[in-house]
Structure formats: structure tokens, C-alpha cells
Amino acid sequence: MQLTPHFTLAELTASTTASRLGIDNTPPPELLPRLVLTAEMLERIRSTLNAPVTVTSGYRGRQVNAAVGGVTSSDHTQGYAADIVAPGYGTPTQIARTLAPLVSVLGIGQLILEGVKGKQWVHVSTRVPDKPANRVITITDKGAQLGIQELP
């Protein structure tokens, strides 16, 4: 099912962990409108970067989220979030630095530059966090820091 011109439901629900463990990662029908809003945010990001955006993790059912070590309150489980890379644009740090000043304009509720266990990606969510300071953060193996920081 095509959600937007460049993003499909299959792309936002694909999970190698779910496939490997035989877990059904189909979202409940009531989450489809949120997934459409997430895909629309991804379209705005794609347009801003002027490069294709690859979703490395989108919707995760609770079982999949637990299997990948996600927090129980993860926006991924509610269809609000996607982890992305855009190699045609640059590194995750470059992407996050470009998007950070535009979060309100692009409808990004939260932007997280993540560098964990040797992997790097950008987490974007349509849900605005309760604490405004948590809107743009960097997470590494050492913890969370405000703003976009240099990754090790």
C-alpha cells in the first residue's frame, strides 16, 4: 500500500528481526493514519535533503520492539517514528544538522541523532516530547545529550 509518493506501508513496517523471529509486524488498522502522517513527514525530509531517504526502522509491534531492545514507550510502537539514513545526502550527523533548525517547519516532533553500538542513524518522530529540551538530542553509548553533538 502506497502511503505517499515515495513511501509504502511495507517500507515502514519492514523488520529483519520480525522476519528472523517469525513475528507478525502488521500494524493495527487504527495506526494507519499515524503511519501516513509519518510518511508525509518523511516526504518533507526527502524534499529538504533533495535525496532519497531509507527507512531502517519504522513501525515496530511491541514484540518486535522488545526483541530489538527498544524502550516500552517508543514512538515506533505507535506509528509515530522512523529511523532513517540518506547516503545520497551525507552522514547521519550531516542530516541531523540540516534538519535540526527546521523541525517545526518540517513537522518533526523529535529529532535524535543516534550513534549506538557502532551504528549511526537519525530518528524522527511526529510526536512532540513533553519536555521541549528533548526535541533535538543526540544519543550515544554514553547516554543522551541536548542538541546535535559530534558522534565518536
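The values are calculated or read from the model by the stated rules, or taken from the named source; none is laboratory data. None of the values given here were measured: they were computed from a predicted structure. Neighbour counts are summed over all protein chains in view; Cβ atoms, including those assigned to glycine, are modelled from backbone coordinates with ideal geometry. The accessibility values were calculated without ligands, DNA or RNA, using every heavy atom of the protein model including side chains. Shrake-Rupley method; radii C 1.70, N 1.55, O 1.52, S 1.80 Å.
Quick one: which of Thr38, Thr56 is in contact (Cβ under 8 Å) with a residue 60 or more places away in the chain, hydroxyl-bearing (Ser, Thr, Tyr), under 20 Å from Ile148 (Cβ atoms) and in contact with a strand residue (DSSP E or B) (Cβ under 8 Å, 6 or more places away or on another chain)?
On the way: Thr38 fails: under 20 Å from Ile148 (Cβ atoms).
That would be Thr56, the only listed residue that is in contact (Cβ under 8 Å) with a residue 60 or more places away in the chain, hydroxyl-bearing (Ser, Thr, Tyr), under 20 Å from Ile148 (Cβ atoms) and in contact with a strand residue (DSSP E or B) (Cβ under 8 Å, 6 or more places away or on another chain).
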Response to the item:
Within region 114-150, residues being open to solvent by less than 20 Å² (accessible area, probe 1.4 Å), in contact (Cβ under 8 Å) with a residue 24 or more places away in the chain and farther than 18 Å from Ala51 by Cα number 4
Worksheet item: Do you know which residues across region 73-103 are under 17 Å from Ser57 (Cα atoms), of a type in the set (Val, Ile, Thr) and in a helix (DSSP H, G or I)?
Response: Thr77, Ile95
Worksheet item: in contact (Cβ under 8 Å) with a residue 60 or more places away in the chain and not aromatic (Phe, Trp, Tyr) - does that describe any residue in region 61-78?
Response: no
Worksheet item: Applying the selection to region 61-72, what residues are in a loop (DSSP other than H, G, I, E, B) and not small (Gly, Ala, Ser)?
Response: Val68, Val71, Thr72
Practice prompt. Taking the residues in region 3-20 that are out of contact with any Asp or Glu (no Cβ under 6 Å at 6 or more places or on another chain) and open to solvent by less than 30 Å² (accessible area, probe 1.4 Å) as candidates, determine which candidate is nearest to Ser125 (Cα to Cα).
Written response: Leu12
Worksheet, complete the sentence: Those residues of region 21-60 that are open to solvent by 40 Å² or more (accessible area, probe 1.4 Å) and in a helix (DSSP H, G or I) come to a total of 13
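Out of the residues in region 104-152 that are in a loop (DSSP other than H, G, I, E, B) and among the basic types (Lys, Arg), which is farthest from Arg34 (Cα to Cα)?
Within region 104-152, the first condition is being in a loop (DSSP other than H, G, I, E, B), and the residues that meet it are 107-109, 117-118, 126-131, 141-142, 147-152.
Next, only the ones that are among the basic types (Lys, Arg) stay: 117, 127, 131, 142.
On the way: Lys117: 29, Arg127: 10, Lys131: 21, Lys142: 31 Å.
Result: Lys142.
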Worksheet item: Scanning for something within 19 Å of Ile137 (Cβ to Cβ) and aliphatic (A, V, I, L, M), does region 47-58 turn up at least one residue?
Response: no
Discussion item. Against the conditions (1) touching a Gly at 6+ places or on another chain (Cβ under 7 Å); (2) surrounded by fewer than 18 Cβ atoms within 10 Å (Cβ to Cβ), where does Gln63 fall short? Just the number, please.
Written reply: (1)
